[in-house]
1. Points 7 angstrom from Cα along the Cβ direction at A38 and R55: gap in nanometres?
2. Compute the FRET efficiency between T22 and A62 as 1/(1 + (r/R0)^6), taking r as their Cβ-Cβ distance and R0 = 35 Å, and round to the nearest 0.05.
3. How do I32, I2 rank when sorted from fewest to most other Cβ atoms within 10 Å of their own Cβ?
4. Which value, in debye to the nearest 20, describes the size of the charge dipole of region 29-68 about its Cα centre when Lys and Arg Cβ atoms bear +1, Asp and Glu Cβ atoms bear -1, and nothing else is charged?
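Please treat every number below as a calculation from the coordinates, not as lab data. The structure displayed is predicted, hence computed values, not measured ones. All Cβ positions, glycine included, derive from the backbone under ideal geometry; neighbour counts span all protein chains shown.
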Amino acid sequence: MIRQKPMTDSNAPRARTDGRRTLLVYMDAALIKELKKAALDDERNVYEIVEEAARDWLSRAASKRGASASMSKTSPQKQTKATRLVK
C-alpha cells in the first residue's frame, strides 16, 4: 500500500499570481535542450516559448477549421474525430 504525505504548508502546491496552471507533457530530450538554450538566448522562460507556439498552432488550426466549416456543414464525413469530440 502506497502512503501519501498529508498536504502541509511545506509541500502544498504553490499558487501562481499570473493564473497559470501546471501541464505535464513528455517531449523529446533534444527538443527540451534546444528550448532551454533558446530561452536563455532570448532571455525568456521556456513556458513563454511553449505558450507562444501553442497559441500559434491553435490559431492556425482554428483558421483551417473556419475555412473548412462551410464544407463540413454539407459533408459530415469530412469531420475529424477531434472535431466530433469537441462538439
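1. Between A38 and R55, the label points sit 1.5 nm apart.
2. Working: r = 25 Å, r/R0 = 0.71.
Result of the calculation: an efficiency of 0.90.
3. Numbers: I32 13, I2 3.
Exposure proxy ranking, most exposed first: I2, I32.
4. Numbers: 8 positive and 8 negative charges, 63 e Å.
Result for region 29-68 is approximately 300 debye, rounded to the nearest 20.
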